[in-house]
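Participant: Please read through the structure below; I'll follow up with questions.
The values are calculated or read from the model by the stated rules, or taken from the named source; none is laboratory data. Quick caveat: nothing in here was measured; it's all calculated off a predicted structure. Backbone-built Cβ (ideal geometry, glycine too); neighbour counts: all protein chains shown.
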Amino acid sequence: MALQSHSMNLTEPLAPNAEWVHESSAQVEIKLYHGHTGPVKSCQLIENKNWLITGSNDNTARIWDFQSGKEIHQYKLNHDMAAIPAVRINQEATRLYSCGWDKTVRCFDVETGKEIWKGVHEHIVTNCHISHDGKSLCSGTDLDSVLSIWDTATGVMSTRIPNVHESTITSCQFNIPDDRIITTSTDKTTKFFDLVTHRSTMTLRGHEGVVSNCTFNKFERLYATCSWDKTVLLYDATVGSFRREGPLMLPKLHEGSIAACHMSEDGKLLVTGGYDLRIVLWDLDNMTHKLGLRGHRDWINDVCLTSDNTWIISVSNDCDIRLWHVANCDNIKQVIEQNKTLKNAKIISCSKCRKNFSSNKLQRENGDSAILCVFCRLEQKQKNSHYTQILHDYDRPGVLNDQVSLKSNFTEPSVPSFQHY
């Protein structure tokens, strides 16, 4: 979806259900929006209206003012409290679409909130996506792995494509020209279904686990996929070398399954979020990470990046919506390098009290081979010279240096048949 970039006013007054949650010493400013009472599963930006759209298992979709966090609209989605994996809105912001584990896809009028039509699948619907021209909606299912295309005006299923994958479709989306649908699956592949020839034209392989999502830049030259195998793979479609040599793999920073990914329009940045509660901002030009962000208290389900690359939006099972201001992330490279050093630290045991502490805090006196924690060193100095010293939080034994708090905000087939209706 083509989004219009615009500058974000950081001094915009926040609504009562929104707050700044960063501390004065924080390197990344964070806004936190409250309102949902169940896990938030999806987020989408409509920047030309300054809207943020979220969908939740609390059976609601909500539209927020991006800058202030004020809730503009709330929609009851009629999915009978079933899980709602995705909520989407068309570019004109006139129609809202949702899909649920109740085996339905639904269309709502944005202005009135009334349900316009309902489409029914035979099995659980795992994802849906609106075409860029707003005329079609695609949806994917669980057990039968069916990809369906709906006419958004009438709610009629225009095309049903079975057996696109060998197992569950985890995500589906239209490409920029709306002539292909890209799907990911638990069968560890990503596929491209051509809507002109009605056949799968390309399959991306390389993951060892479930492929949860795929993202690409506006030129569709670079594709990134993320997986439950904790990896992010890059495929360069301009040279096609991945067909011979395989995809490129970004450094393995996530410690758990990666649920979502989103690439910037220029293809220079990528943001990923996972079940390890970590968000990572990647520099694709240099194949390295720029930032690791922590703060969510439960699984991260979806992430997106503003078109000017200044804000990351993330949603989670903790019911929170977080906005991370990353415009100045290049200025905090030094902090990231320090964090890399901390991650190399080892946990060792004190020779005297046997408590664990980080090797980063290991100090030995001249000629002393004993390995002592800060407390035992202090005790020894007090006995010898009545020396006193102020202890800092980071000197306490048992604190792992690769854990990062909110204070710093840094961390972690055959061609399918098809039917027309």
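Participant: Could you pull out the residue among ALA370, ALA345 that is more than 30 Å from ALA86 (Cα to Cα), surrounded by fewer than 17 Cβ atoms within 10 Å (Cβ to Cβ) and at pLDDT below 55? Spell out how you get there, then give the answer.
Facilitator: Details: ALA370 fails: at pLDDT below 55.
That would be ALA345, the only listed residue that is more than 30 Å from ALA86 (Cα to Cα), surrounded by fewer than 17 Cβ atoms within 10 Å (Cβ to Cβ) and at pLDDT below 55.
Participant: Restricting attention to the stretch 128-149, which residues are closer than 24 Å to LYS49 by Cβ, buried (at least 20 other Cβ atoms within 10 Å of the Cβ) and not hydroxyl-bearing (Ser, Thr, Tyr)? Steps first, please.
Facilitator: First pass over the stretch 128-149, keeping only residues closer than 24 Å to LYS49 by Cβ: 128-138.
Within this subset, residues satisfying the condition of being buried (at least 20 other Cβ atoms within 10 Å of the Cβ) are 128-131, 136-138.
Listed by number, the residues that qualify are CYS128, HIS129, ILE130, LEU137, CYS138.
Participant: What residue, among those in the stretch 150-166 that are in contact with a strand residue (DSSP E or B) (Cβ under 6 Å, 6 or more places away or on another chain) and part of a loop (DSSP other than H, G, I, E, B), is farthest from LYS218 (Cα to Cα)?
Facilitator: First, pick out the residues of the stretch 150-166 that are in contact with a strand residue (DSSP E or B) (Cβ under 6 Å, 6 or more places away or on another chain): 150-152, 155, 157-161, 164-165.
Adding the requirement that they be part of a loop (DSSP other than H, G, I, E, B) leaves 152, 155, 164-165.
Values: THR152: 24, GLY155: 28, VAL164: 25, HIS165: 25 Å.
Here the answer is GLY155.
Participant: Also: Among the listed residues PRO251, PRO247, which satisfies the condition of being surrounded by fewer than 16 Cβ atoms within 10 Å (Cβ to Cβ) and in the same structural domain as TRP311 (by TED's automatic domain parsing)?
Facilitator: On the way: PRO247 fails: surrounded by fewer than 16 Cβ atoms within 10 Å (Cβ to Cβ).
Just a single option satisfies the conditions, and that option is PRO251.
Participant: VAL232: surrounded by fewer than 23 Cβ atoms within 10 Å (Cβ to Cβ) and of a type in the set (A, V, I, L, M, F, W, C), yes or no? Step through it out loud before you land on a result.
Facilitator: On the way: surrounded by fewer than 23 Cβ atoms within 10 Å (Cβ to Cβ): no; of a type in the set (A, V, I, L, M, F, W, C): yes.
Taking the combined requirement at face value, the residue does not satisfy it.
Participant: Would it be correct to say that THR183 is under 19 Å from SER42 (Cβ atoms) and part of a strand (DSSP E or B)? Please lay out each step first, then the result.
Facilitator: Values: under 19 Å from SER42 (Cβ atoms): yes; part of a strand (DSSP E or B): yes.
Answer is yes for this residue.
Participant: Among the listed residues LEU96, LEU52, which satisfies the condition of being over 20 Å from SER136 (Cα atoms) and in contact with a strand residue (DSSP E or B) (Cβ under 7 Å, 6 or more places away or on another chain)?
Facilitator: Numbers: LEU96 fails: over 20 Å from SER136 (Cα atoms).
None of the other options fit; the residue is LEU52.
Participant: Might you let me know whether the stretch 248-268 holds any residue that is over 18 Å from the mean Cα position of the chain (by Cα) and of a type outside the set (D, E, K, R)?
Facilitator: Yes, the conditions are met somewhere in the stretch 248-268.
Participant: Sticking with this one: Is there a residue being on the phi > 0 side of the Ramachandran plot, hydroxyl-bearing (Ser, Thr, Tyr) and either in contact with a strand residue (DSSP E or B) (Cβ under 6 Å, 6 or more places away or on another chain) or not in a loop (DSSP other than H, G, I, E, B) (or both) anywhere in the stretch 129-149? Lay out the reasoning, then the answer.
Facilitator: Narrowing the stretch 129-149 to residues on the phi > 0 side of the Ramachandran plot: 134, 145.
Within this subset, residues satisfying the condition of being hydroxyl-bearing (Ser, Thr, Tyr) are 145.
Restricting the remaining residues to those that are either in contact with a strand residue (DSSP E or B) (Cβ under 6 Å, 6 or more places away or on another chain) or not in a loop (DSSP other than H, G, I, E, B) (or both) gives 145.
Within the stretch 129-149, one or more residues are on the phi > 0 side of the Ramachandran plot, hydroxyl-bearing (Ser, Thr, Tyr) and either in contact with a strand residue (DSSP E or B) (Cβ under 6 Å, 6 or more places away or on another chain) or not in a loop (DSSP other than H, G, I, E, B) (or both).
Participant: Also, I was wondering about something else. Taking the condition closer than 18 Å to ILE182 by Cβ, hydroxyl-bearing (Ser, Thr, Tyr) and either assigned by TED's automatic domain parsing to the domain that holds ASN317 or assigned to a loop (DSSP other than H, G, I, E, B) (or both), does THR126 pass?
Facilitator: It is true that THR126 is closer than 18 Å to ILE182 by Cβ, hydroxyl-bearing (Ser, Thr, Tyr) and either assigned by TED's automatic domain parsing to the domain that holds ASN317 or assigned to a loop (DSSP other than H, G, I, E, B) (or both).
Participant: Can you tell me how many residues within the stretch 272-295 are of a type in the set (A, V, I, L, M) and buried (at least 24 other Cβ atoms within 10 Å of the Cβ)? It would help to see each step written out before you state the result.
Facilitator: Here is the first cut: in the stretch 272-295, the ones of a type in the set (A, V, I, L, M) are 277, 279-281, 284, 287, 291, 293.
Narrowing further to those that are buried (at least 24 other Cβ atoms within 10 Å of the Cβ): 279-280, 291, 293.
Residues meeting the conditions: 4.
Participant: Of the residues that make up the stretch 320-329, is at least one part of a helix (DSSP H, G or I) and modelled with pLDDT under 90? If you could, list the steps in order and put the result at the bottom.
Facilitator: From the stretch 320-329, those part of a helix (DSSP H, G or I) are 329; that's our starting set.
Now drop any that are not modelled with pLDDT under 90, which leaves 329.
Within the stretch 320-329, one or more residues are part of a helix (DSSP H, G or I) and modelled with pLDDT under 90.
Participant: Search the stretch 16-48 for residues being among the charged types (D, E, K, R) and surrounded by 17 or more Cβ atoms within 10 Å (Cβ to Cβ), and hand back the single one that is modelled with the lowest pLDDT. Spell out the reasoning first.
Facilitator: Step one: of the stretch 16-48, the residues among the charged types (D, E, K, R) are 19, 23, 29, 31, 41, 47.
Adding the requirement that they be surrounded by 17 or more Cβ atoms within 10 Å (Cβ to Cβ) leaves 29, 31, 41, 47.
Values: GLU29: 90, LYS31: 94, LYS41: 98, GLU47: 94.
Only one residue tops the list, namely GLU29.
Participant: What residue, among those in the stretch 117-152 that are in contact with a Phe, Trp or Tyr (Cβ under 9 Å, 6 or more places away or on another chain) and of a type in the set (Gly, Ala, Ser), is nearest to GLN44 (Cα to Cα)?
Facilitator: The extreme case among them is SER131.
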